[in-house]
There are 2 protein chains.
Amino acid sequence: MEWYLPAADDFHVHLRKDARTPIAIRAVRSGGVGRALIMPNTDPPILTVDDVTAYVESLRQLGADFDLLMTIKLRPDTTPDGVLAAHRGPVVAGKLYPQGVTTHSDDGFRDIQGLYPVFEAMQQCDMVLSIHGEQPEVFVLDAERAFLPSLKAIVRNFPRLRIVLEHITTQAAVEAVCTLPDTVAATITDHHLAITLHDVVGSRLQPHHFCMPVAKRPSDQKALLDVIRQGHPRFFSGTDSAPHFRQHKESASGCAGVFSSAFHMPILATLFSQHEMMDQLQPFCCERGAAFYKLAPPQGQIVIQDACCRVPEEMGGVVPFFAGHELPFSVAWVD
Amino acid sequence: MEWYLPAADDFHVHLRKDARTPIAIRAVRSGGVGRALIMPNTDPPILTVDDVTAYVESLRQLGADFDLLMTIKLRPDTTPDGVLAAHRGPVVAGKLYPQGVTTHSDDGFRDIQGLYPVFEAMQQCDMVLSIHGEQPEVFVLDAERAFLPSLKAIVRNFPRLRIVLEHITTQAAVEAVCTLPDTVAATITDHHLAITLHDVVGSRLQPHHFCMPVAKRPSDQKALLDVIRQGHPRFFSGTDSAPHFRQHKESASGCAGVFSSAFHMPILATLFSQHEMMDQLQPFCCERGAAFYKLAPPQGQIVIQDACCRVPEEMGGVVPFFAGHELPFSVAWVD
């Protein structure tokens, strides 16, 4: 069987700014994605419109063959004027990280209200606020839930600001987004649909399943699958695909991140088929995110085929999600 | 300051049966322990009185300079006669593993009632039943709680059988043991008093904090500390100290186990001092386990001093608990 779809959108991708960047770039189109929102927590970070321009240039030189949607990192030193300049850049979203909760977030926020003037500018120019929604210094399983009151406060104070709660992992986050107004959406990763915490710290430790927010309970995973199955318009695909070299994952202090983008659409087709919701594949991957971001549908067309593909054990030193596994679906581009 | 104590008992130690054994043996006495209950899930396992005799011999040849309390592994093929022979061995406990929940447990139990004739023999000869209390195929955070009904059923059916629920990690297990009769006790490890799941899968992955059962919530950790602070007679020290070479921990599929025994008493003194329960150090480490196991107090004397000691980064290729940290207490043997 074959399913013809528009090129997929990935509304959360890490391309980094180092030796991993070519690997990450190659993976995007391979996975069936024609347009991707690029995260700004590189080292050094993407903070200004000039950073964005230089970053886009370097990504193009390294062969980025898909549409780039760019973001800046919001920090305590971000200014409203900086936001307005970035918006003209054009930058489609500003990304907010809590301090210390994930890769390159030591410069993240502690006092979220200190950023309210920045949110005001974002609301004014209609730039999306993208949030890693985990509360700093809260026990890892409770950090996402503990952030929800801050999210609700932002929504109350900025009723026209569009907000994406990124890579949600809990039933609590699903319920919060459902009850919040249409200005609030959420991305869901491939891996959080596929694994639970048991696949990270079951009888063996699985560093290549370790990410932030960490995968949670089966009931949380079910809530993520259910809200997609129900066709809710404000939950869409963002892989949070993040390449880390094997030695930085299999380490005494391992990096957080799952590298899923090279097999993104075959993985999602596999999961959506297993959970009998193939009818949601196109809306989840190609329509809802674009609608929320007020973008035209993505360019190009892909075809999902029920022909097996084998995920390699390693891609340029990075271990991909489902490494060594055979997936029952593959993806190809339609000329 | 100095605290003079009897030599400590460790009622849960892995010495293995390979290149790690000399490292594990050296650690026991260094940590202030004069007598240790040795786990039987070696490769190959310790199943019979002959296995025990040979294992003790090999441990002595490798320099084991402490009292060895021996166990056998209970498997679906263990017989009541085998138990009675082991008891004469002398073997002080039979260890039960659920299938697939930890290191070398693929031959563990699925049908616990199939072992009831073995439990009957153990009750008859007064051999202790030692249990890794996690239910197979249950989500990792719920597996210990899910085993408690099986524990209660064993207690109901064998009212005189002494049972130790090993390395408990949850408030639920603490409460269950408290409400069960005096025939049921529990061991608590050093690491479960020191860390929570946040120290395993916080913003970085910490494979040297990964063990089974995995560390749980702060409220669970508090329940473990509280029941010790309250001086409950049926909770005592068992480190579950388990050496794994660094490369088997920092791996794509990492081994479960924390190597704590080389600094056992300095670690516990540090934790007990932090939590203002130094008065419980001697009962927890030197008295309660011996009383439950009906053993004379351990031989020898140690002294805990408030003099710093530094835990090395590595010991013979194994990364110890608190590697690279300075502990505010040290331990020495009194001649």
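State which residue pairs qualify: first residue in contact (Cβ under 8 Å) with a residue 40 or more places away in the chain and inside the range A:265-286, second residue surrounded by fewer than 23 Cβ atoms within 10 Å (Cβ to Cβ) and among the basic types (Lys, Arg) in any location, beta carbons under 7 Å apart, and separation of 6 or more residues or different chains.
A:HIS275/A:ARG229; A:MET277/A:ARG229; A:GLN280/A:ARG229
Examine the range B:119-135 for a residue that is open to solvent by 40 Å² or more (accessible area, probe 1.4 Å) and at pLDDT below 95, and state whether such a residue exists.
Yes, the range B:119-135 contains at least one residue that is open to solvent by 40 Å² or more (accessible area, probe 1.4 Å) and at pLDDT below 95.
Among B:GLN221, B:GLN206, which is more than 18 Å from the chain's Cα centre (by Cα), open to solvent by 20 Å² or more (accessible area, probe 1.4 Å) and not charged (D, E, K, R)?
The match here is B:GLN206.
Quick one: would you say A:HIS198 is modelled with pLDDT of 95 or more, in contact with a Phe, Trp or Tyr (Cβ under 7 Å, 6 or more places away or on another chain) and open to solvent by less than 10 Å² (accessible area, probe 1.4 Å)?
Values: modelled with pLDDT of 95 or more: yes; in contact with a Phe, Trp or Tyr (Cβ under 7 Å, 6 or more places away or on another chain): yes; open to solvent by less than 10 Å² (accessible area, probe 1.4 Å): no.
No.
Conditions first: (1) without any contact (Cβ under 8 Å) to a residue 60 or more places away in the chain; (2) at positive phi. A:GLY32 passes all but one, so which condition is the exception?
Exception for A:GLY32: condition (1).
Scan the range A:195-208 and report the pairs whose first residue is more than 7 Å from chain B (Cβ to nearest Cβ) and whose second residue is open to solvent by less than 30 Å² (accessible area, probe 1.4 Å) and assigned to a loop (DSSP other than H, G, I, E, B), with Cβ atoms within less than 7 Å and a gap of 6+ or a chain change.
Pairs found: A:ILE195/A:ALA215; A:ASP199/A:ALA215.
Being among the aliphatic types (A, V, I, L, M), touching a Gly at 6+ places or on another chain (Cβ under 7 Å) and touching a residue at least 40 places away in the same chain (Cβ under 8 Å) is true for just one of B:VAL184, B:VAL177, B:VAL140. Which residue is that?
One residue alone meets the criteria, B:VAL140.
Quick test of your reading of the structure: B:PHE236 fulfils all but one of (1) away from every other protein chain (no Cβ under 14 Å); (2) in contact with a strand residue (DSSP E or B) (Cβ under 9 Å, 6 or more places away or on another chain); (3) surrounded by fewer than 23 Cβ atoms within 10 Å (Cβ to Cβ). Name the failing condition by number.
Tallying (1) away from every other protein chain (no Cβ under 14 Å); (2) in contact with a strand residue (DSSP E or B) (Cβ under 9 Å, 6 or more places away or on another chain); (3) surrounded by fewer than 23 Cβ atoms within 10 Å (Cβ to Cβ), B:PHE236 fails exactly one: (3).
Please enumerate the residues belonging to the range B:245-254 that are of a type outside the set (D, E, K, R), within 17 Å of B:HIS104 (Cα to Cα) and more than 7 Å from every other protein chain (Cβ to nearest Cβ).
B:PHE245, B:HIS248
Quick one: which of A:ALA296, A:ALA252 is surrounded by fewer than 16 Cβ atoms within 10 Å (Cβ to Cβ) and either over 30 Å from B:HIS209 (Cα atoms) or not basic (Lys, Arg) (or both)? Please lay out each step first, then the result.
Values: A:ALA252 fails: surrounded by fewer than 16 Cβ atoms within 10 Å (Cβ to Cβ).
On inspection, the qualifying residue turns out to be A:ALA296.
If B:GLU287 satisfies all but one of (1) assigned to a helix (DSSP H, G or I); (2) away from chain A (no Cβ under 14 Å); (3) open to solvent by less than 10 Å² (accessible area, probe 1.4 Å), what's the number of the condition it fails?
The single condition B:GLU287 does not satisfy is (3).
The values are calculated or read from the model by the stated rules, or taken from the named source; none is laboratory data. Owing to the predicted nature of the structure, the values given are computational and were not obtained by experimental measurement. Please note: Cβ atoms are built from the backbone with ideal geometry, for glycine as well, and neighbour counts cover all protein chains shown. For accessibility, only protein heavy atoms count, side chains too; no ligands or nucleic acids. Shrake-Rupley method; radii C 1.70, N 1.55, O 1.52, S 1.80 Å.
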